[in-house]
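The values are calculated or read from the model by the stated rules, or taken from the named source; none is laboratory data. These numbers come from a predicted model, not from an experiment. Counting neighbours? That spans all protein chains shown, and the Cβs are built from the backbone with ideal geometry, glycine included. In case anyone asks, the SASA skips ligands and DNA or RNA and just uses the protein heavy atoms, side chains included. Shrake-Rupley method; radii C 1.70, N 1.55, O 1.52, S 1.80 Å.
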Amino acid sequence: MRSMKVLAVLMGAVMGVVTGMAQTEAGCTATFTVPTLIRLEVAPTTIGFGSLTMDDYDLGYKELTSGQTVTVWSNRTWTLTVAADSETWTGPWDKPASDLQLKVASVSKPNRVSSYVSDYFGLATTAANVAEGSPGGNIAFTMDFKVLVSWDNDVAGDYSLGFTYTLTAP
């Protein structure tokens with residue numbers, strides 16, 4: 001009988017340990033670093049005005065609407081600029097870079113763009129602002145182009161002018 005009492009006491013002690021368990025916690029932290037990330041895509045990279053006509057000369061320009069899409073991705077505020085690669089076109093005469101004009105015709109995400117140029121402006125070797133905006137991705141700008149022509153200056157031949165877009169996230 002004594003062994004039954006000892007067994008009962010031991011069982012009670014074990015049960016007490018089980019029901020009186022303690023708990024503890026340890027906090028953890030997950031970390032990562034987000035660097036400044038930007039991406040710029042341009043398509044197509046060649047703006048082909050084709051062969052100009054007498055009507056183009058009479059108008060003083062040839063326009064190419066929706067000639068290019070420029071797409072921005074940035075996780076910071078950003079600025080998009082454009083500049084001519086040289087002061088003049090290659091060709092039969094020194095046609096000024098400013099005879100190539102462009103403007104933003106439309107924006108896919110206007111809520112991500114604080115400003116953009118909606119009027120034609122001529123290119124120069126000094127960068128000019130095209131648009132500025134807030135963080136976001138796949139912000140597409142449809143660009144219109146105009147090349148100015150003159151009966152007095154634009155002699156027959158092939159002309160070419162390089163230009164470069166730059167995306168910065170200060």
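If I ask for residues that are without any contact (Cβ under 8 Å) to a residue 40 or more places away in the chain and in a strand (DSSP E or B), which ones from segment 90-103 would you list?
The answer is PRO96, and nothing else.
Being of a type in the set (Phe, Trp, Tyr), touching a helix residue (DSSP H, G or I) at 6+ places or on another chain (Cβ under 7 Å) and at negative phi: is that true of TRP151 here?
Answer is yes for this residue.
Mind listing whichever residues of segment 94-119 are hydroxyl-bearing (Ser, Thr, Tyr) and closer than 28 Å to GLY136 by Cβ?
SER106, SER108, SER114, SER115, TYR116, SER118 - these are the residues of segment 94-119 that are hydroxyl-bearing (Ser, Thr, Tyr) and closer than 28 Å to GLY136 by Cβ.
Go through segment 61-87 and count every residue that is under 18 Å from LEU100 (Cβ atoms), open to solvent by 60 Å² or more (accessible area, probe 1.4 Å) and in contact (Cβ under 8 Å) with a residue 40 or more places away in the chain.
Residues flagged as under 18 Å from LEU100 (Cβ atoms), open to solvent by 60 Å² or more (accessible area, probe 1.4 Å) and in contact (Cβ under 8 Å) with a residue 40 or more places away in the chain within segment 61-87 amount to 5.
Within segment 38-53, count every residue that is surrounded by fewer than 14 Cβ atoms within 10 Å (Cβ to Cβ) and not in a strand (DSSP E or B).
7
Run down VAL130, VAL117 and say which single residue is under 22 Å from THR69 (Cα atoms) and surrounded by 18 or more Cβ atoms within 10 Å (Cβ to Cβ).
Unique residue meeting the criteria: VAL130.
Per-residue answers, yes or no, for (1) farther than 18 Å from TYR165 by Cβ; (2) among the hydroxyl-bearing types (Ser, Thr, Tyr):
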residue: LEU52; (1), (2): yes, no
residue: LEU64; (1), (2): no, no
residue: ASN75; (1), (2): yes, no
residue: SER86; (1), (2): no, yes
residue: ALA97; (1), (2): no, no
residue: GLN101; (1), (2): no, no
residue: ALA105; (1), (2): no, no
residue: LYS109; (1), (2): no, no
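Hey, among the residues in segment 146-158 that are in a loop (DSSP other than H, G, I, E, B) and not charged (D, E, K, R), which one's surrounded by the most Cβ atoms within 10 Å (Cβ to Cβ)?
The extreme case among them is VAL149.
Consider ASP58 against the criteria (1) modelled with pLDDT under 95; (2) exposed (fewer than 11 other Cβ atoms within 10 Å of the Cβ): it satisfies all of them except one. Which criterion is unmet?
(1)
Pairs please, first residue from segment 112-135 and touching a residue at least 24 places away in the same chain (Cβ under 8 Å), second anywhere and part of a loop (DSSP other than H, G, I, E, B) and open to solvent by 50 Å² or more (accessible area, probe 1.4 Å), Cβ atoms under 6 Å, 6+ apart in sequence or on different chains.
From residues that are touching a residue at least 24 places away in the same chain (Cβ under 8 Å), the pairs are THR125/GLU87; SER134/THR77; PRO135/ASN75; PRO135/ARG76.
From the set of residues in segment 15-37 that are modelled with pLDDT under 80 and exposed (fewer than 10 other Cβ atoms within 10 Å of the Cβ), which is farthest from GLU132 (Cα to Cα)?
By that ranking, first place goes to GLY16.
Please give the number of the condition MET143 fails out of (1) in contact with a Lys or Arg (Cβ under 8 Å, 6 or more places away or on another chain); (2) closer than 24 Å to ASP55 by Cβ; (3) assigned to a loop (DSSP other than H, G, I, E, B).
Only one criterion in (1) in contact with a Lys or Arg (Cβ under 8 Å, 6 or more places away or on another chain); (2) closer than 24 Å to ASP55 by Cβ; (3) assigned to a loop (DSSP other than H, G, I, E, B) is unmet by MET143, namely (3).
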